[in-house]
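Step one of this worksheet: look at the structure below.
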Amino acid sequence: MAPLLFLKDIHIRFGNTVLLDGAELSVGEGERLCLVGRNGSGKSTLLKIAAGMIEADSGERFAQPGATIRYLPQEPNLSGYVTTHDYVEAGLQPGDDPNRAFYLLGHLGLTGMETPATLSGGEARRAALARVLAPRPDILLLDEPTNHLDLPAIEWLESELKSSRGALVLISHDRRFLENLSRAVVWLDRGQTQRLEQGFGAFEGWRDGLLEQEEIERHKRDRKIANELDWLAHGRSARRKRNQGRLARLNGLRKGRREELKSMGMVKMEALEGATSGTKVIDAKGVAKSFGDKHVIRDFTLRIHRGDRIGIVGPNGAGKTTLLKLLTGALQPDAGNVKLGAGIEMAKLDQNRAALHPEDNLANALTGGGGDTVFVGGKPRHVVSYMQDFLFTPAQARTPVKVLSGGERARLLLAKLFALPSNFLVLDEPTNDLDLETLDLLEEVVGDYPGTALVVSHDRDFLDRVATMIVMAEGEGRFAVYAGGYSDMVAQRGQGVEKPSAKTVEKKSAAAKSRPDRETVAKLSFSDQHALKALPGQIEKQNREIAGLQVELSDPALYGGNPAQFAKLSGRLAEVQTSRDADEELWLALEMKREALES
């Protein structure tokens with residue numbers, strides 16, 4: 001079957017840097033691909049070329065006529081729209097279900113009534129994700145779709161994408177997300193692509209095998225270089241007459257070796273251990289915190305010992321960062337007390353990247369503006385040398401922070417963090433924007449860290465690899481403690497992180513409608529009025545169809561006698577249930593909107 005989209009022999013250069021050097025990508029109907037590679041390897045650029053957003057310097061791009069392609073950028077533009085619902089609805093095509101806009105926004109933590117100009121970067125990304133999902137396109141190109149999503153939203157998105165019939169190309173740092181969705185992997189490395197016809201779970205072993213084979217070839221090349229040098233020094237032909245052909249081959253071998261070493265750079269990351277802290281690091285008893293009438297933390301007790309690695313998880317808005325600030329002394333509780341142990345040397349990573357000033361250059365960000373020397377664990381190092389440990393080139397020393405990619409900013413923050421001696425790491429969303437190789441190393445560093453670590457994260461795989469204890473937001477300001485990593489918590493609790501309750505969502509929607517931006521809507525539109533009248537009957541019809549399908553599927557002879565029909569009915573059941581849920585949420589949102597306007 002002909003692919004819906006393919007790129008062939010793609011080349012692109014930015015300045016003196018060759019980013020893509022013959023890269024290829026082929027996307028067939030219903031395929032599930034993940035695109036992986038180092039930060040700065042050109043993944044986002046290749047995806048933009050696939051989406052038709054930018055043109056390559058050379059190469060071929062083909063998309064099947066009539067195929068719908070939707071692309072999720074890392075920095076969406078919502079200007080020109082009154083509300084987030086207007087923005088998402090504008091992405092629909094004639095004949096698309098208009099109810100999906102509210103359904104998708106609701107699952108992504110938005111009401112549809114937000115004013116785009118007031119959105120945070122994370123909220124804008126969630127609105128953009130709803131917009132690309134709304135029309136159910138033939139091909140979805142998603143660049144870091146899980147960034148700024150909490151665990152309930154990530155798991156919902158997995159389910160939504162699994163039930164989608166369209167093709168999918170994913171860039172993500174979330175291993176569990178990639179493992180659950182991908183059926184093939186495209187590896188972008190040194191400007192070129194290689195493809196594995198298996199899911200991401202098989203990728204790292206396959207990649208390591210390729211790199212091992214490269215190392216064998218490199219060793220052979222080094223031996224050949226040594227033989228050529230020996231010939232130059234001792235061969236009779238060399239004494240009589242230099243063989244220019246052999247010299248040219250030697251220089252070519254040397255050049256190839258230099259380029260390989262340059263392109264295969266790895267992040268050098270090591271947490272510098274400070275003085276040993278006391279055995280008891282944090283002792284929190286009966287801690288409570290409220291903001292106005294909202295109880296964020298209620299009666300929380302936890303004792304943390306040296307060497308513990310605590311993961312804090314929960315949906316957005318559950319109070320995870322507030323709890324982190326209470327435990328580290330950055331915020332005082334309203335009730336209860338928090339005692340920090342003796343000898344604590346704390347190193348913090350802020351999820352908001354507040355430690356970076358946009359106008360600073362890289363060298364100043366690392367030295368604090370103090371010349372060309374950075375003190376790493378109290379010892380002086382030239383800032384350029386230290387930058388190179390984190391894959392920055394000497395030419396980037398004077399580059400402003402504001403032009404760095406998200407992955408580069410993440411690496412810069414880690415460089416600042418690990419220059420400090422510490423015995424207590426405090427990491428708020430440390431995995432955001434990291435490539436998989438750097439994430440591997442961060443997991444290793446945190447896992448082997450001799451001190452104590454306190455981590456807020458939505459990355460399930462990261463938590464499974466590093467955490468010895470999970471603190472879980474149970475709702476209504478209450479947190480519970482579970483031994484082990486994220487999967488251990490799920491096994492003990494019987495489920496993962498849940499969405500906020502329907503009551504909480506209703507309160508949030510009502511609060512959103514009371515904001516000034518609600519005044520932009522004077523009355524229900526004609527389509528809203530029509531939907532309010534039509535939806536109850538539509539929902540009742542869907543419930544009857546669901547009941548009928550469940551009766552058919554309950555027949556034990558169906559699966560064995562007609563598996564194709566069983567699969568067809570199962571697919572239809574999932575489709576109707578999804579549509580029914582969307583209609584119910586839309587009806588609720590419209591009913592609340594009507595009541596708010598009437599009052």
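Rule-based calculations on the coordinates, nothing more; no lab input. Predicted model only: the values in this text are computed from it and were never measured. All Cβ positions, even for glycine, are placed from backbone atoms using ideal geometry, and neighbour counts span all protein chains on display.
Here are some notes:
- Summary of the geometry: region 439-479 and region 391-435, compared by the centres of their Cα atoms, lie 19 Å apart.
- Diffusion coefficient (Stokes-Einstein, Kirkwood radius over C-alpha pairs, 20 °C, 1.002 mPa s) for region 358-468: 145 µm²/s, rounded to a whole number.
- Taking amide hydrogens as placed 1.01 Å from N in the peptide plane, the amide H of L454 sits under 5 Å from those of I310, L425, V426, L427, each at least 5 positions away in sequence or on another chain.
- Kirkwood hydrodynamic radius of region 273-428, from inverse mean 1/r over distinct Cα pairs, in Å: 17.5 Å
- Inter-label distance, nm, simple model (7 Å from Cα along the C-beta direction), E179/A547: 4.2 nm
- Most to least packed among 57-63, 467-473 [average Cβ atoms within 10 Å]: 467-473, 57-63
- Ranked packing of 97-103, 335-341, 127-133, 324-330, most packed first, by mean Cβ within 10 Å: 127-133, 97-103, 324-330, 335-341
- Computed from backbone phi, the HN-Hα couplings of region 12-21 come to 8, 10, 10, x, 8, 9, 7, 8, 10, 9 Hz, rounded to whole numbers (Karplus: 6.51 cos²θ - 1.76 cosθ + 1.60, θ = phi - 60°; Gly and Pro given as x).
- N562/Q93 FRET efficiency (R0 35 Å; Cβ-Cβ; nearest 0.05): 0.50
- Nonlocal amide H pairs with M469, under 5 Å, H built at 1.01 Å: R309, G311, G484
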